[in-house]
Amino acid sequence: GGYEIPARLRTLHNLVIQYASQGRYEVAVPLCKQALEDLEKTSGHDHPDVATMLNILALVYRDQNKYKEAAHLLNDALAIREKTLGKDHPAVAATLNNLAVLYGKRGKYKEAEPLCKRALEIREKVLGKYHPDVAKQLNNLALLCQNQAKYAEVEYYYRRALEIYQSKLGADDPNVAKTKNNLATCYLKQGKFKDAETLYKDILTRAHERDFGSVNNDNKPIWMHAEEREESKGKQKEAGPYTEYGSWYKACKVDSPTVNTTLKSLSALYRRQGKLEAAETLEECAGKSR
Amino acid sequence: DQQGASRQQQLEWDDSTLTY
């Protein structure tokens with residue numbers, strides 16, 4: 001990028017963060033404002049350091065939920081960065097993204113979307129179409145579209161993000177399961193229940209295989225146990241959970257917030273189909289893992 | 001329920017904005 005944050009700004013930033021984390025905004029804000037004033041006096045308004053300082057102050061406002069004030073500062077910082085660093089600089093993309101986040105927090109999804117799209121274009125141009133940062137930007141864009149109920153677009157963006165994460169970070173990266181979960185939510189919104197179900201099962205199978213090895217007759221992910229229990233309901237007499245389900249205890253040990261969410265979501269889908277035994281099996285497992 | 005997943009999703013801030 002050619003620009004490096006000067007040491008004194010870094011020190012100031014750390015100080016400001018410290019005050020802000022203690023809730024001492026009455027100290028943090030004037031500190032930023034004084035620094036801004038000094039910087040503008042020595043370097044002029046259109047200087048990268050001023051933009052950085054504006055970003056620091058915007059963070060303090062964001063932490064106070066003063067999104068409007070924060071957005072105002074970021075707009076200013078954006079203009080400076082475009083002028084001093086060029087329109088396609090990663091710093092411009094980052095500022096556009098954060099501006100979109102602030103608009104999003106105020107429910108201004110329509111205004112946020114074009115900013116997010118511009119950030120995406122810059123990142124694609126600078127980093128290439130298959131960089132994880134591009135995937136992250138696609139995620140934010142999907143979320144903004146989701147809030148506007150534009151599900152076809154949401155689906156498209158999540159699919160692209162998933163493709164990037166899978167190819168660049170590998171199938172077991174947490175981002176893959178997270179994005180699959182988000183994509184499944186989008187399927188649900190469109191009434192594509194079968195597609196959602198397939199994705200949820202895929203997440204659970206992968207998580208299981210990662211921890212316990214390939215799936216076979218003696219090593220099944222939780223959803224297979226759930227469906228077997230559903231199919232054999234009434235036929236089987238009560239037995240202890242461990243003997244009844246073979247590797248059930250293993251299936252239950254798969255543990256992460258994403259997997260837990262997936263268990264609950266798939267359980268809701270089972271319930272919708274009247275597969276109550278299967279639903280309960282997953283719920284018990286979700287209950288245990290949290 | 002099904003809302004669980006979407007409730008988790010949040011727009012992500014880019015912290016690199018201070019490192020340029």
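In the stretch A:98-109, the count of residues that are farther than 19 Å from A:GLN137 by Cβ and more than 14 Å from chain B (Cβ to nearest Cβ) is zero. A:ALA51: among the aliphatic types (A, V, I, L, M), within 14 Å of another protein chain (Cβ to nearest Cβ) and free of Cβ contacts under 8 Å to residues at least 12 places away in the same chain, yes or no? Considered against the rule, which asks whether it is among the aliphatic types (A, V, I, L, M), within 14 Å of another protein chain (Cβ to nearest Cβ) and free of Cβ contacts under 8 Å to residues at least 12 places away in the same chain, A:ALA51 comes out as no. Within the stretch A:1-34, the residues that satisfy the criterion of being β-branched (Val, Ile, Thr) and part of a helix (DSSP H, G or I) are A:THR11, A:VAL16, A:ILE17, A:VAL27, A:VAL29. Can you confirm whether A:ASP88 is more than 22 Å from the chain's Cα centre (by Cα) and assigned to a helix (DSSP H, G or I)? Criteria not met by A:ASP88.
For the stretch A:174-202, name all the residues that are at pLDDT below 95 and among the hydrophobic types (A, V, I, L, M, F, W, C). Answer for the stretch A:174-202, where residues must be at pLDDT below 95 and among the hydrophobic types (A, V, I, L, M, F, W, C): A:VAL176, A:ALA177. Across the stretch A:185-219, the qualifying residues are those that are among the small types (Gly, Ala, Ser) and in a helix (DSSP H, G or I), and the one among them that is nearest to the other protein chains (Cβ to nearest Cβ) is A:ALA196. If you filter the stretch A:218-269 down to residues that are among the aliphatic types (A, V, I, L, M) and at pLDDT below 85, you find that the one that is farthest from the chain's Cα centre (by Cα) is A:ALA239. In the stretch A:122-133 there is at least one residue that is surrounded by fewer than 19 Cβ atoms within 10 Å (Cβ to Cβ), assigned to a helix (DSSP H, G or I) and more than 13 Å from every other protein chain (Cβ to nearest Cβ).
Candidates in the stretch A:134-151 are the residues that are farther than 15 Å from B:TRP13 by Cα and facing another protein chain (nearest Cβ under 10 Å); of these, the one that is surrounded by the fewest Cβ atoms within 10 Å (Cβ to Cβ) is A:ASN147.
Here A:TYR156 fulfils each of the conditions (1) in a helix (DSSP H, G or I); (2) over 23 Å from A:CYS116 (Cα atoms) apart from (2).
Inspect all residues belonging to the stretch A:61-80 and state whether any of them is outside any helix (DSSP H, G or I) and among the small types (Gly, Ala, Ser). Looking for residues that are outside any helix (DSSP H, G or I) and among the small types (Gly, Ala, Ser), one finds none in the stretch A:61-80, hence no. Does A:LYS66 count as closer than 19 Å to B:ASP15 by Cα and among the charged types (D, E, K, R)? The answer is yes for A:LYS66. Tallying residues that are farther than 15 Å from A:SER43 by Cβ and within 8 Å of chain B (Cβ to nearest Cβ) within the stretch A:77-92 yields 3.
The values are calculated or read from the model by the stated rules, or taken from the named source; none is laboratory data. Since the structure is predicted, the reported quantities are computational estimates derived from the model, not experimental observations. Note that we place each Cβ from the backbone using ideal geometry, even for glycine, and neighbour counts take in every protein chain shown.
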